[in-house]
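Novice: Handing you a structure now.
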Amino acid sequence: MAGAANVASPDGRVTVDVNLTADGSPVYSVDFAGQRVIDDSRLGFSLVGEDALASDFELIGESRATFDETWHPVWGEEASIRSHYNEMLINMRHRASGRLVDLRFRVFDDGVGFRYEFPAQQGKLKSFIISDELTEFAIPGDAVAYWIPGDYDSQEFNYTRSRLSEIRSKMDEAHVGGPVYPSPSSPTGVQTALMLKYDNGLYVNLHEAALYDYPAMCLDLDDTNFIFKAALTPYANGDKAIIQTGRTTPWRTVIVSDDARDILASRITLNLNEPCRIADTSWIHPVKYIGVWWEMITGKSSWSYTDEVDNIAIGTTDYTTLKPNGRHGANTENVLRYIDFAAENGFDGVLVEGWNEGWEDSDATRKSRMFSFTKPYPDFDLERIKKYAADKNVKLVMHHETASAVTDYERELDNAFRFMVDNSYESVKGGYIGEIIPRGEHHYGQQMVNHYQHVVEKAADYKIMYNAHEAVRPTGICRTWPNLVSNESARGSEYHAFSGINPGHTAILPFTRLIGGPMDYTPGLFENDLSKYNPSRNAWVNSTLTHQLSLYVTMPSPLQMAADLPETYEKFQDAFQFIKDVALDWDESVYLEAEPMEYVTVARKAKGSDNWFVGSTAGVDPRKSKIDFSFLPKDCKYRATIYRDGKKAHYRTAPQDYIIETKTVDSKSSLTLPVASCGGYAISLTPINNL
Ligand code: NOJ
Ligand code: CA
């Protein structure tokens, strides 16, 4: 080994060593409190038509810095976030070509971020194409992994818990009920954020931060040696990334602790992103919404206005000449009903899907444009709906399903956003179902990563809050662009109506998908038997009712839905009260209990209020949750309203068995609450003096 360099976290517990091997290959390793987290792992790239930047390096410089700052997100899990790390910058020169590559490491008390930087270098390197990123994460042993298959187009899988050595044999099963057109990275590929548990009790999370102008990373496992290697999402021609010097890669992140709660409390991903780039953020605010949505997902009604599919040309066909199918969800009377319900129950918004022309064409082989983003169907009377909503102080939430006709959407974007501004829409849900057009490109490739970012920044120009479904999973970009208020980018609750959601799903998502940012999971499903909505749909919601309530606290998002139908909420007014009361933005969050795929319990203080909320979500094993209230301020009594599983509650046999009770608690109180299989509880806490 030559040219060793190392750096430790501010508390000294996390350390990173960087070395050059005898042939000049850079390697790094990570330790936590003297225990191995990442064994010696390679770094570097192979390039198209040029020498690899992988070996034959010499170290030509090294510099260090310490950073300690507290910053204030526009919204989020807490009002202030400390970013405290030691940094090491290593300058390397490739001997044969003279090319320069820098490695920047930031070491926090709860983990590490590192990235490659390609400095401007006259005559040596300007623009180049990466054919492979060689970054490795060598895991010291056959750890337990909580994983979804590596895929370049979808994250909408159920999770599998297995040893690393079992990933290959469980891969087929892990694809069951997944996307129609899988694009696997390899037979042992998995996605990030990847959660791992080591036999010595360490919890380790691998992901990336600040993914800009670069493909998203899957991880392919060498399952003989337990070494993960970066698998970048390729372009259609197989190239991975087109780079110009002066740029950097995203950060590769390793979060580590011997306590699972610390993984959830880590803010490494946000801290590795740049400060907010939007000067005036006064228009960005939490949105609690309902939607003309679940009735379509369950097949009770349709997105499309007509069943006539031939002879429709988007933009020119006069829809009033077509025969309505009688099942169209986004009809004026129905939308007004939702607006009434939103106004009566204090919701900010009503999402309306299927409002626009184009939904009847579901031909998967289509090559171009499908939807209009400015033309309502004839039975969606926008002028009347708009006025009705304004009178009731409710905002419409726009829906832009693109069906992945990306070029078309980019062409229409200004018109689409102008239309929103003209009609008082403040937020939009985007969507990218189906294969990307142009064909062969992937949802998570460099080109699409740039597309999503373009849409977020364009939305900011129009002061629009944006929430994309099926887009690349987030990497903390909401710090810089807080108008990116949510994303789907994982298997959301809609799958209860499709191929199913396995028990434990909401107890793993906070450790995986939510590491990068909030999820539009669409919780709040109170009716489990979906054949009640559509007799032909034999589907079941795998959770208890109070599990659904807990998700408003355990799966935080400033844009949050109550997904079920108004008529169902009318039947459960007492439990619905929690959804009406719960906050969406927080001053403080305290993780009380956590174990991946088993349970997550968290207490949060509502932003700018003395009220606290607690949520606890559980996997398949029933349990007793023991919590204390030491997070509350001293000498203050609170009224706790507890929504919990009843005696018989079970997600299959008695999901709607729940109990609502009130207790007086203070910072010295503790409680033991029973939690059913796929159950949970929610608590709202109000200071008695404020009552
Ligand atoms: C998939 C999204 O996840 C869902 O929420 C939406 O309703 C459909 N696409 C249609 O856009
Ligand atoms: Ca989806």
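Novice: Can you tell me which of TYR425, TYR409, TYR388, TYR452 is within 16 Å of ligand 2 (Cβ to nearest atom), outside any strand (DSSP E or B) and either over 30 Å from LEU219 (Cα atoms) or under 21 Å from the mean Cα position of the chain (by Cα) (or both)?
Specialist: From the options TYR425, TYR409, TYR388, TYR452, the qualifying one is TYR452.
Novice: Of everything in segment 475-498 that's within 15 Å of ligand 1 (Cβ to nearest atom) and within 19 Å of PRO215 (Cβ to Cβ), which residue is surrounded by the most Cβ atoms within 10 Å (Cβ to Cβ)?
Specialist: Applying the filter and picking the extreme gives ASN487.
Novice: Could you identify the single residue in TRP293, TRP251 that is within 16 Å of ligand 2 (Cβ to nearest atom) and hydrophobic (A, V, I, L, M, F, W, C)?
Specialist: Only one candidate passes the filter, namely TRP293.
Novice: Quick check, is THR601 modelled with pLDDT of 95 or more, surrounded by fewer than 17 Cβ atoms within 10 Å (Cβ to Cβ), within 23 Å of ALA507 (Cβ to Cβ) and among the polar types (S, T, N, Q)?
Specialist: For THR601, the condition - modelled with pLDDT of 95 or more, surrounded by fewer than 17 Cβ atoms within 10 Å (Cβ to Cβ), within 23 Å of ALA507 (Cβ to Cβ) and among the polar types (S, T, N, Q) - is not met.
Novice: On to the next question. Would you say ILE437 is within 16 Å of ligand 2 (Cβ to nearest atom) and either at pLDDT below 95 or on the phi > 0 side of the Ramachandran plot (or both)?
Specialist: No.
Novice: Hey, can you tell me all the residues within segment 305-355 that are small (Gly, Ala, Ser) and at pLDDT 95 or above?
Specialist: GLY326, GLY329, ALA330, ALA342, ALA343, GLY346, GLY349, GLY354
Novice: Then there is this: Could you grab me the full set of residues in segment 58-78 that are buried (at least 16 other Cβ atoms within 10 Å of the Cβ), within 31 Å of the chain's Cα centre (by Cα) and not acidic (Asp, Glu)?
Specialist: Answer for segment 58-78, where residues must be buried (at least 16 other Cβ atoms within 10 Å of the Cβ), within 31 Å of the chain's Cα centre (by Cα) and not acidic (Asp, Glu): PRO73, VAL74, TRP75, GLY76.
Novice: Output yes when any residue across segment 657-666 is crowded, with 20+ Cβ neighbours inside 10 Å and either within 22 Å of the chain's Cα centre (by Cα) or polar (S, T, N, Q) (or both), and no when none is.
Specialist: Looking through segment 657-666, none of the residues is crowded, with 20+ Cβ neighbours inside 10 Å and either within 22 Å of the chain's Cα centre (by Cα) or polar (S, T, N, Q) (or both).
Novice: Does ASN325 qualify as being out of contact with any Leu (no Cβ under 7 Å at 6 or more places or on another chain), of a type outside the set (Gly, Ala, Ser) and surrounded by 13 or more Cβ atoms within 10 Å (Cβ to Cβ)?
Specialist: So ASN325 passes the test.
Novice: Would you check which residues across segment 28-45 are part of a strand (DSSP E or B), in contact with a Leu (Cβ under 7 Å, 6 or more places away or on another chain) and not basic (Lys, Arg) and list them?
Specialist: Matches in segment 28-45: TYR28, PHE32, GLN35, VAL37, PHE45.
Novice: Got a sec? Which of ALA654, ALA583, ALA594 is surrounded by 22 or more Cβ atoms within 10 Å (Cβ to Cβ) and either within 25 Å of GLU527 (Cα to Cα) or of a type in the set (Lys, Arg) (or both)?
Specialist: Going through ALA654, ALA583, ALA594 in turn, just one is surrounded by 22 or more Cβ atoms within 10 Å (Cβ to Cβ) and either within 25 Å of GLU527 (Cα to Cα) or of a type in the set (Lys, Arg) (or both): ALA583.
Novice: Kindly state which helices (runs of 4 or more DSSP H) lie completely within segment 214-322 and contain at least 2 residues that are closer than 30 Å to ALA594 by Cα.
Specialist: 260-265, 268-271
Novice: Mind listing just one residue for me: the one in segment 510-525 that is more than 15 Å from ligand 1 (Cβ to nearest atom) and hydrophobic (A, V, I, L, M, F, W, C) and, of those, surrounded by the most Cβ atoms within 10 Å (Cβ to Cβ)?
Specialist: The extreme case among them is ILE515.
Novice: Sticking with this structure for a sec: Can you say whether VAL472 is touching a residue at least 40 places away in the same chain (Cβ under 8 Å), under 19 Å from the mean Cα position of the chain (by Cα) and within 16 Å of ligand 2 (Cβ to nearest atom), as far as the supplied structure shows?
Specialist: yes
Novice: Can you confirm whether SER427 is polar (S, T, N, Q), within 23 Å of VAL602 (Cα to Cα), at pLDDT 95 or above and buried (at least 24 other Cβ atoms within 10 Å of the Cβ)?
Specialist: Taking the combined requirement at face value, the residue does not satisfy it.
Novice: For segment 330-343, indicate whether the set of residues that are at positive phi and not aliphatic (A, V, I, L, M) is non-empty.
Specialist: no
Novice: Ok, one more. List pairs: first in segment 514-540 and of a type in the set (Val, Ile, Thr), second in a loop (DSSP other than H, G, I, E, B) and modelled with pLDDT of 95 or more, Cβ under 7 Å, 6+ apart or cross-chain?
Specialist: ILE515/ALA193; THR522/GLY492; THR522/ALA563
Novice: I've got another one for you. Can you go through LEU211, LEU221 and tell me which one is hydrophobic (A, V, I, L, M, F, W, C), under 21 Å from ASP40 (Cβ atoms) and in contact with a Ser or Thr (Cβ under 9 Å, 6 or more places away or on another chain)?
Specialist: After applying the criteria, what remains is LEU221.
Novice: Pick out the one residue from GLY500, GLY504 that is more than 24 Å from LYS288 (Cβ to Cβ), within 16 Å of ligand 2 (Cβ to nearest atom) and at pLDDT 95 or above.
Specialist: The match here is GLY500.
Novice: Among what's in segment 475-497 and is touching a residue at least 40 places away in the same chain (Cβ under 8 Å) and in a strand (DSSP E or B), pick the residue that is farthest from ligand 2 (Cβ to nearest atom).
Specialist: VAL485
Novice: When residues of segment 455-467 are filtered for being more than 16 Å from ligand 1 (Cβ to nearest atom), in contact with a strand residue (DSSP E or B) (Cβ under 7 Å, 6 or more places away or on another chain) and not in a loop (DSSP other than H, G, I, E, B), how many remain?
Specialist: 3
Novice: Continuing with this model, one more query. From ASP151, ASP142, ASP132, which residue is in contact with a Pro (Cβ under 7 Å, 6 or more places away or on another chain) and in contact (Cβ under 8 Å) with a residue 24 or more places away in the chain?
Specialist: Unique residue meeting the criteria: ASP151.
Novice: Considering only residues that are under 27 Å from the mean Cα position of the chain (by Cα) and away from ligand 1 (no atom under 14 Å from the Cβ), look in segment 391-406 and name the one that is surrounded by the most Cβ atoms within 10 Å (Cβ to Cβ).
Specialist: Looking at the filtered set, the residue picked out is LEU396.
The values are calculated or read from the model by the stated rules, or taken from the named source; none is laboratory data. Just so we're clear, the structure is a prediction, and the values are computed from it rather than from any experiment. Backbone-built Cβ (ideal geometry, glycine too); neighbour counts: all protein chains shown.
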